Amino acid sequence: MTIRVRPRAATDLDACARLLIEVHGTDGYPVEGVADPVSWLTPATAAGAWVGELEGAVVGHALVGTPTATDDAARLWKEREPLAQILVFGRLFVGTAGRNRGVGERLVRTAMTFAAEQEQRLVLDVMDKDKAAIRLYERLGWQHIGTTTHHFGQGNRTEAHCYVAPS
């Protein structure tokens, strides 16, 4: 099967929303839930978004955005590198049809290339429960820069690991 990664188009949002609902059902990602998937996929901070396709069907998604005051990974990296130019990587998910086929890796590498072309470093946080994602980032050379507590919903929290992409 041929994997294709391309910039996300507005016409992809419905397929991405359905895929996100599937992933939330199987993996509990995102921990905040999927009450409004299209809004979650289109934050005001977005700088780039991509979809992964297999045989023309959208099976994965990734997004890069500008940091906000609530981005723990951005805060941690700025403490180490105050002048760092950074973007935040996130909203990476791959549905069951795209798993174990390299779709997630291709999406991450695409975002890494995008950031490098912008002369930016990527940072991210990943929930402790998302072991497959953690293994992927570490295999691709991302450096663990700290652990935080991610707060969501009505008083819920979980441990999150923060990473910076290789330079």
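Each value in this text was obtained by applying a stated rule to the coordinates, not by laboratory testing. Small disclaimer: the values here were computed from a predicted structure and weren't measured. Because the Cβ atoms are built from the backbone with ideal geometry, glycine has one as well, and the counts that use them run over all protein chains shown.
Some notes on this structure:
- Multiplying the residue separation of Thr96 and Glu55 by 0.36 nm and subtracting their alpha-carbon distance yields 13.3 nm.
- Sequence of Asp71, Asp128 once ranked by neighbouring C-beta atoms within 10 Å, starting from the fewest: Asp128, Asp71
- Taken about its Cα centre, the stretch 3-164 carries a charge dipole of roughly 340 debye when the Cβ of each Lys and Arg holds +1 and the Cβ of each Asp and Glu holds -1.
- The chain: Rg to Rh, with Rh as the Kirkwood radius over Cα pairs: 0.93
- Estimated from helices alone, the mean residue ellipticity of the chain at 222 nm is -9500 deg cm²/dmol (sum of -39500 (n - 2.57) over DSSP H runs with n ≥ 4, per residue).
- The stretch 54-132 and the stretch 23-51: distance between their alpha carbon centers, rounded to Å: 13
- Each residue, Ala9 and Arg157, gets one label point 7 Å from its Cα in the Cβ direction; the gap between the two is 4.5 nm.
- Cβ-based exposure ranking for Leu83, Leu124, Leu136, Leu20, in which fewest neighbours within 10 Å come first: Leu83, Leu136, Leu20, Leu124
- For the stretch 52-64, the Karplus equation 6.51 cos²θ - 1.76 cosθ + 1.60, evaluated at θ = phi - 60°, returns couplings of x, 10, 10, 6, x, 9, 5, 10, x, 8, 8, 9, 10 Hz by residue, with Gly and Pro reported as x.
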